[in-house]
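The values are calculated or read from the model by the stated rules, or taken from the named source; none is laboratory data. All figures in this text were calculated on a predicted structure; none of them were measured in a lab. Ideal geometry is used to build each Cβ from the backbone, glycine not excepted, and the neighbour counts take in all protein chains shown. These accessible areas exclude ligands, DNA and RNA; they are computed on the full protein's heavy atoms, side chains included. Shrake-Rupley method; radii C 1.70, N 1.55, O 1.52, S 1.80 Å.
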Amino acid sequence: MQDFEALVRRSHRAGLKVIIDFVPNHVARAYSGSEFDEGNFYPGRGYDYDWSDTAKLNYESRATWDKMLEILLFWASKGVDGFRCDMIELVRTDFWHWALARVKKEHPGIVFIGEAYQPEKYAELYDWGGFDYLYDKSGMYDSLKDIERGWRRADDLTRCWQSLREADRSKMLRFLENHDEDRYMSWGHPLQGGAEGEAPQFQSSVLCSTLMWKSPFMLYFGQEFGHSAKTSIFDPDKVDAMSRWMKGLRGDDVEKYLADNEMAYYAQYKSLLKISAQDDVFVLGETFDLVYANYGNVGFNPERHFAWLRGHNGRVVLCVASFEDCAANLNVRIPEHASRYFGVRLPEEVSLHTEPFSGTYRELL
């Protein structure tokens, strides 16, 4: 515990916040601690899905509510800044409403992120449950993966944001990897270079996930170096690039032990995350989807291309992602409505070049 408390202090001194995992629905099948008695377990210590190594907790028992609240308050008292809550839809929403309000009252500013997969429950989990962010798995993640595979059209991304309430569009946690999913680089698309004088060509799904909305982006361990092997939670493999990066970090030369392609991925994520966190046009700016204005445009294919604007305080940036497996020269139409929306005069059309499965952005004003 002393090590954990020291970790939290070091992280805070470094300007970082600490979020820990909270698993409310089940414990290990072999769990034998004294915190729970049989009344806290679902009858017969049942389990969900194929998780036969777990025992399901019983939220029909108020004693379970009290014990889980006690756990949350314990870790909040250690200085953690938030919780990633596992499979929140398997726990009664009235528990979340009751527990999260009490934790937030004692620890103002603490954040709750919910792993959720049922869009029809999003409003309830935000409005009643009290969650600050939800996983965007059933929306953005699934769409991007299927678009890259050629199973969906690129303009399915429009459906993703239109299916959400306006107030929720920036509350969805975007990601391309986590412990349940395949590594993004196992999808097989290399990082591309950029034309001279233009912003670098970024991986299309990374660009969409980081710069489309005012949403947080979750970067999984090793993703920033292009690690492609899925990490098992039962038999973790070593993320070798991370070990080499830390070795270089200790010697004040982060590039020394990394391959060129690993540094290229690292630079991409570093650049996009810095922009999304520090540039006001992406931190505060509004989003304008351009796909509707480009149906019938021979220089733009809504099946494989996606384009949007971000604007704030007189600045407007055009972002374009291509999901084609070849380079393309695009002409993006910008409707008069976009000029009125941002209160500036924008060009009627912009030409760009994209590499396979890559995207770029250009400042218009």
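Here are some notes:
Yes or no, residue by residue, for (1) buried (at least 19 other Cβ atoms within 10 Å of the Cβ); (2) not in a loop (DSSP other than H, G, I, E, B):
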site	(1), (2)
K105	no, yes
P108	no, no
F112	yes, yes
K121	no, yes
L125	yes, yes
F131	yes, no
S138	no, yes
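- Single unsatisfied condition, G314 versus (1) without any contact (Cβ under 8 Å) to a residue 40 or more places away in the chain; (2) surrounded by fewer than 22 Cβ atoms within 10 Å (Cβ to Cβ): (1)
- Qualifying residue in the range 258-281 (condition: among the charged types (D, E, K, R), more than 18 Å from the chain's Cα centre (by Cα), open to solvent by less than 50 Å² (accessible area, probe 1.4 Å) and within 30 Å of G343 (Cβ to Cβ)): yes
- Residue selected from the range 259-297 under the condition part of a loop (DSSP other than H, G, I, E, B) and at pLDDT 95 or above, by the criterion farthest from R362 (Cα to Cα): G296
- Yes/no for K17 being basic (K, R), on the phi < 0 side of the Ramachandran plot, touching a helix residue (DSSP H, G or I) at 6+ places or on another chain (Cβ under 8 Å) and not in a loop (DSSP other than H, G, I, E, B): no
- Set E60, E89: member being open to solvent by less than 40 Å² (accessible area, probe 1.4 Å) and free of Cβ contacts under 8 Å to residues at least 40 places away in the same chain: E89
- Out of Q192, Q223, sole residue that is closer than 16 Å to Y266 by Cα, surrounded by 15 or more Cβ atoms within 10 Å (Cβ to Cβ), touching a Phe, Trp or Tyr at 6+ places or on another chain (Cβ under 7 Å) and at pLDDT below 95: Q223
- Residues satisfying the stated conditions in the range 140-163, i.e. part of a loop (DSSP other than H, G, I, E, B) and either modelled with pLDDT under 95 or open to solvent by 40 Å² or more (accessible area, probe 1.4 Å) (or both): G150, W151, R152, R153, S163
- The range 77-86, residues that are more than 18 Å from the chain's Cα centre (by Cα) and open to solvent by less than 30 Å² (accessible area, probe 1.4 Å): G79, V80
- Considered as a group, the residues in the range 39-52 that are of a type in the set (F, W, Y) and not in a strand (DSSP E or B) include one that is surrounded by the most Cβ atoms within 10 Å (Cβ to Cβ), and that residue is Y42.
- Restricted to the range 330-340, and to residues there that are in contact with a strand residue (DSSP E or B) (Cβ under 6 Å, 6 or more places away or on another chain) and open to solvent by 10 Å² or more (accessible area, probe 1.4 Å), the residue that is farthest from L290 (Cα to Cα) is N331.
- Residue match in the range 239-254 (condition: in contact (Cβ under 8 Å) with a residue 24 or more places away in the chain and either β-branched (V, I, T) or buried (at least 18 other Cβ atoms within 10 Å of the Cβ) (or both)): no
- Within the option set K121, K105, being over 18 Å from A167 (Cα atoms) and not aliphatic (A, V, I, L, M) holds for one residue only, K105.
- Subset of the range 23-38 that is outside any loop (DSSP other than H, G, I, E, B), open to solvent by less than 100 Å² (accessible area, probe 1.4 Å) and out of contact with any Lys or Arg (no Cβ under 7 Å at 6 or more places or on another chain) - its residue that is nearest to D81 (Cα to Cα): V27
- Under the condition of being closer than 16 Å to L7 by Cα and open to solvent by less than 10 Å² (accessible area, probe 1.4 Å), the residues counted in the range 63-76 number 1.
- Of the listed requirements (1) more than 21 Å from V103 (Cβ to Cβ); (2) in contact with a helix residue (DSSP H, G or I) (Cβ under 7 Å, 6 or more places away or on another chain), E38 misses just one: (2).
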